[in-house]
1. Could you state how much accessible area D17 has, in square angstrom rounded to the nearest 10, with a 1.4 Å probe and all protein chains kept in place?
2. Would you list, by chain and number, the aspartates and glutamates whose Cα falls below 13 Å from the Cα of K352, excluding same-chain residues fewer than 8 positions away?
3. Within 10 Å, count the other beta carbons around each residue, average over each peptide in 408-414, 202-208, 501-507, 552-558, and list them highest first.
4. With a cut-off of at most 15 other beta carbons within 10 Å, and DSSP calling the residue loop, which trypsin sites (Lys or Arg not before Pro) in segment 106-200 qualify? Please list them.
5. Pick out, in residue order, every one of the chymotrypsin sites (Phe, Trp or Tyr not before Pro) in segment 91-199 that is DSSP loop and has at most 13 other C-beta atoms within 10 Å; say none if there are none.
6. Quick check: with the 1.4 Å probe, what order do S447, S154, S176 take by accessible area, largest first?
7. All other residues with a Cβ under 12 Å from the Cβ of Y141 taken together, and with Lys, Arg as +1 and Asp, Glu as -1, what is their net charge?
8. Once you order the gyration tensor axes a ≥ b ≥ c over the Cα atoms, which shape class does segment 337-452 get: rounded for a/c under 1.5, otherwise prolate or oblate by comparing a/b with b/c?
Amino acid sequence: MKVGLVELLELYEYKVDDLVAGNEPKGGMAGLARLRQALIQSNLSGPLAKKFRDIDSRFKAYRPGYKTAVDESSAPDLSAILLEDEGVAFSPEREALDKLTEAVYWSRLDRDLLRIAKTLNHGKRDELRMAYAILQNLEAYSKTPLFSQDYNLSRFTLSHPIPGVSDPRVHLEDPSIAKDLLLELFREAFALPRKLKLPPEETVPYIRRFARRVLESEGALRTSTRGPSLETLRRALEEAQRQNLSVGEIRALEERLHAAAAEERRLSLVIEEDRARFSAAIERLTALLSRYLPSPMGEATWPQVPQKILGSQHPEYALEAVPRDAKALTLRLMPQRFFFWNHEVKISQAGKVFGIGVAEQERIIEEDAAFSLTLPDAELHVVRYKDYLHLRIGPREAASISSLLAEGRVLSYLLWPENHYAYLRLLRALSARLKGEINHAQFAADSASKYSEAPIDNLQDFARKGLEVVRGRIERSPQWAARLGEVAQALGLEPYAQVIHRELNEWLGYSPPSRDTLGDLSSTTVGDSPSTIKAGNTVLSLRYQDGQVYVSSTGLIPRKLQDLLVWMVPEGGLVLAREGARVAYELVSIHPIAKSTP
């Protein structure tokens, strides 16, 4: 997409606006016609082509019989322009390929945003909470008559505050919900230029302005105040002094007023700190939009979808037509076989249903489908639009899965119940000690009673969040090993400290393998039929349903596998890491340690 074409298209729109308003376009009708012809011959694609068609339909509806008004000596023959074969510039096949390119863009963005969402749904989730507030307020404001004319947002009023960290309506701790939230923000960004008649390059600046207006609005940051307000107490004190109440009553009111003033100052500092955090979150969100929105909205480029369509004329020659080094293909959807990236790909048809088979995997290709298939050495991304199919080869997401397995190995120890969850108590004590002085009695054996009573998924989430907090504190404290030894000695858990020190060291120094150095992971691809995994004497069943993977064992309630799950077995912990339909697993053997007396 070229910026020069965007500027020409905007100029054409301004000229048509003049024409519709009954004014002579600047440069005359001949200049308008030449500009229109230049745009037709430029073979616009994607959103630019759609915008041109919208503008051109207005031109055709309002164009007058202007041939007699043009100086024939200087103007070209306009009849050729008015009767051009638009089927050449906007053939159904070209339009379908433009739509396919857009579908490929959204498919890639969906995968990238899922990875980004996993990094944002920890801690206070400032970026996600800010994105939620932007979307809620943008939706509400767009329904008012002021929206389309208020570019500077001078008339904006807040309708939805920024949600709290644990707002039950939002569920931002779920990576899929966090990803959908970010994806919705991108879709709103795409729609803004059309809704506001905004130049595309102004999209991100507008969203930044909107986000700041949300943040600066009164009531955007919720505060919990208890008791009467400062002004109410001040009036009560003045009234008590006028009525000459007793010294004790007046002193009590003065103390309450001082306490309320101190609380108001504290809340003011908290709000100021929150406003600084959310201001930084706005910059990170707009940087994310700039990075992934295509030019001229942002800095990204549209995906390159090959314009050469295989299988369109001679499907029997498709095998020879695929270059050996090709990483992307555009196919007309029809039964055919070919080799792509050293893998035989089979497109099959049964009635109106198409399917794809590769590396002993089969999948139905539904209308407007977008999915990935895991190959031994790569991932095959599949996108369909109507009768066209786009295949793209990419590196396998094994590095991400391998990183999850490394995290799961540490979690296995934290969830091990021996000696009243000794490893988890040590980690919590270390986390607190890295922050300051602690009372070791708070981490004694009796503090672990709540762990055994908690549902295993809740306990895993608790341990995982704690592990993320500890990681940040360890990275800022070079003396963390000494602090671990200190709390272990106070709790009488020195043998456990040696083990968890080793595991934390391996996790902190872990480097995800590259595609070249990656070893073989035990993994399975979950499909319509249940898959089984065996760990020691335990057999687990994996079932794929409605985009979710459920793990179950005989007599136990199934558990949902989002990206990481630890299933405790007598031998230790079975770690399961998921990326799409692929699930990798590893059994972490944990050797019992003689119980120490805290």
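The values are calculated or read from the model by the stated rules, or taken from the named source; none is laboratory data. Note that the structure is predicted; figures quoted are calculated from it, not measured. In this analysis, Cβ positions are derived from the backbone assuming ideal geometry, glycine residues included, and neighbour counts consider all displayed protein chains. The area values use the complete protein model at the heavy-atom level, side chains included, leaving out ligands, DNA and RNA. Shrake-Rupley method; radii C 1.70, N 1.55, O 1.52, S 1.80 Å.
1. Approximately 60 Å² for this residue.
2. By straight Cα distance, K352 reaches E366, E367, D387.
3. Numbers: 408-414: 24.7, 202-208: 18.6, 501-507: 15.4, 552-558: 11.3.
The peptides rank, most packed first, as 408-414, 202-208, 501-507, 552-558.
4. K124, K143, R155, R169, K197
5. Working: sites: Y105, W106, Y132, Y141, F147, Y151, F156, F186, F190; in loops: Y151, F156.
Sparse-neighbourhood loop chymotrypsin sites (Phe, Trp or Tyr not before Pro): Y151.
6. Values: S447 20, S154 95, S176 45 Å².
Final ranking, largest accessible area leading: S154, S176, S447.
7. On the way: positive: K143, R155, K195, R213; negative: E139, D150, E188.
Result for the local shell: +1.
8. Details: a/c = 4.01, a/b = 3.52, b/c = 1.14.
Note, shape of segment 337-452 comes out prolate.
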